[in-house]
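Below: the structure, in C-alpha cells.
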C-alpha cells in the first residue's frame with residue numbers, strides 16, 4: 001500500500017512533503033542566515049522565502065524572491081519589523097516573516113541595490 005503523501009501527481013506530492021523545508025545550495029549551508037539577523041545597511045542575496053503560496057507570490061511581486069539582492073535600511077524598535085529595499089522597491093516586513101527568509105551576505109552588484 002502506497003503512502004498517502006506520495007499518492008497523486010509527483011509534483012504535488014513533493015510539494016506537500018517538502019513544504020516546510022528551506023532548500024539552499026550546498027556551498028551556502030554554513031553561510032546562510034535569517035534576514036532578521038542582518039544589520040542596518042547590510043546587503044544580501046535571498047536564498048529562500050517561506051513556501052506558503054499567497055505569501056510567496058506577493059513577496060515575488062515586491063522583488064523579494066530567491067536570487068534577488070536586498071539591502072536592510074532599518075529596524076523597528078523592540079523587534080517589530082524591518083524596512084528593506086529590494087531592487088528599487090522599499091517595503092517593510094514583520095519581524096516574524098523576516099526570520100523565515102534565508103539570505104547570504106553579498107556586496108551589492110553595480111554599486112547599489
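Matching residues to (1) modelled with pLDDT of 90 or more; (2) closer than 14 Å to residue 99 by Cα; (3) touching a strand residue (DSSP E or B) at 6+ places or on another chain (Cβ under 9 Å); (4) loosely packed, with under 13 Cβ neighbours inside 10 Å:
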site	(1), (2), (3), (4)
22	no, yes, yes, no
26	no, no, no, yes
38	yes, yes, yes, no
58	yes, no, no, yes
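With respect to residue 72, determine if the residue is at pLDDT 90 or above and buried (at least 18 other Cβ atoms within 10 Å of the Cβ). Judged against the criteria, residue 72 is a match.
The number of residues in segment 36-77 that are part of a strand (DSSP E or B) and without any contact (Cβ under 8 Å) to a residue 60 or more places away in the chain comes to 10.
Within segment 89-111, residues that are at positive phi and buried (at least 16 other Cβ atoms within 10 Å of the Cβ) reach no partner that is assigned to a strand (DSSP E or B) and modelled with pLDDT of 90 or more with beta carbons closer than 8 Å at six or more positions or on different chains.
The values are calculated or read from the model by the stated rules, or taken from the named source; none is laboratory data. What you are looking at is a predicted structure, and each value in this text was computed from that prediction instead of being measured. Virtual Cβ from ideal backbone geometry, glycine too; neighbours counted across all protein chains shown.
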